[in-house]
Amino acid sequence: MGAEERDGGRERSRANGASALRRGAVDRPRVRLDLPRAPRRTFLPEYDPEAFGRLSEKIARFLGTGRFIVWMTVTIILWVIWNITAPSGLRFDTYPFIFLTLALSLQASYAAPLILLAQNRQDDRDRVTHEQDRKQNERSIADTEYLTREIAALRLGLGEVATRDWIRSELQDMLRDLELRQPADAESDERDR
């Protein structure tokens with residue numbers, strides 16, 4: 001097999017590969033990356049998780065108040081009184097109060113997950129707040145360490161700087177030396193004359 005045959009074979013394989021790529025592109029439409037995708041259609045209802053979370057927090061806050069307990073107690077008392085004292089044709093839940101039990105169970109089965117959801121959201125907020133506090137504390141510690149090093153450097157620098165008191169003491173020492181030298185200088189001048 002000569003060099004020419006090999007080069008011709010490569011050209012054919014490149015051409016076949018390029019046409020294979022073109023054929024694949026025809027089979028599947030090209031996806032444009034500069035355009036947003038069309039929204040997918042789903043048969044499930046869509047909801048905003050944030051709005052649902054806020055609603056669950058409002059409900060959990062209400063369920064944790066004395067007002068809710070009072071209203072729930074009043075409702076149950078009225079329910080029981082109505083179904084005991086009302087004429088038999090107007091009673092909708094007779095003595096074992098099965099419908100009342102069902103309503104309270106339903107309320108509890110919805111209240112528990114809503115309260116848990118509200119607690120999870122509060123935990124997430126607390127975690128974010130804790131992380132921000134930790135980062136702020138780290139920055140404060142770093143700033144404090146920096147300022148401590150700067151104060152130490154200033155103290156070292158001031159140790160080498162002449163202070164007013166040091167200059168005074170040096171001048172007083174020089175004056176004493178000059179005063180001691182004046183009589184000695186006067187005697188030596190008299191001797192020279």
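The values are calculated or read from the model by the stated rules, or taken from the named source; none is laboratory data. Note that the structure is predicted; figures quoted are calculated from it, not measured. Cβ placement follows ideal geometry from the backbone for every residue including glycine, while neighbour counts extend to all protein chains displayed. Accessible surface areas use protein heavy atoms only, side chains included; no ligands, DNA or RNA. Shrake-Rupley method; radii C 1.70, N 1.55, O 1.52, S 1.80 Å.
Things to note:
- Simple label model, 7 Å out from Cα along Cβ direction - residue 188 to residue 77, nm: 11.6 nm
- Carbon plus sulfur fraction of accessible area for region 60-193, probe 1.4 Å, in percent: 62 percent
- For residue 93, residues with placed amide H under 5 Å, excluding near neighbours: none
- In order through region 168-177: 3J(HN,Hα) via Karplus (6.51 cos²θ - 1.76 cosθ + 1.60), integer Hz, x for Gly, Pro: 4, 5, 5, 5, 5, 5, 5, 4, 4, 4
- The charge dipole of region 117-168, taken about its Cα centre with unit charges on the Cβ of Lys, Arg, Asp and Glu (plus for the first two, minus for the last two), comes to roughly 180 debye.
- Phi-based couplings in Hz for region 146-162 (Karplus 6.51, -1.76, 1.60; Gly and Pro marked x): 4, 5, 4, 4, 5, 5, 5, 5, 5, 4, 5, x, 5, x, 8, 8, 6
- Remark: relative contact order (region 39-126) = 41 percent; criterion is Cα-Cα distance under 8 angstrom and separation of 6 or more residues.
- Built from the Cα atoms of region 24-87, the convex hull projects on average onto 10.1 nm², one quarter of its surface area.
- Cα-based values for region 63-183, radius of gyration first and Dmax second, are 41.1, 136 Å.
- Potential lengthening of the chain between residue 90 and residue 47 amounts to 11.5 nm, from the contour at 0.36 nm per residue minus the alpha-carbon distance.
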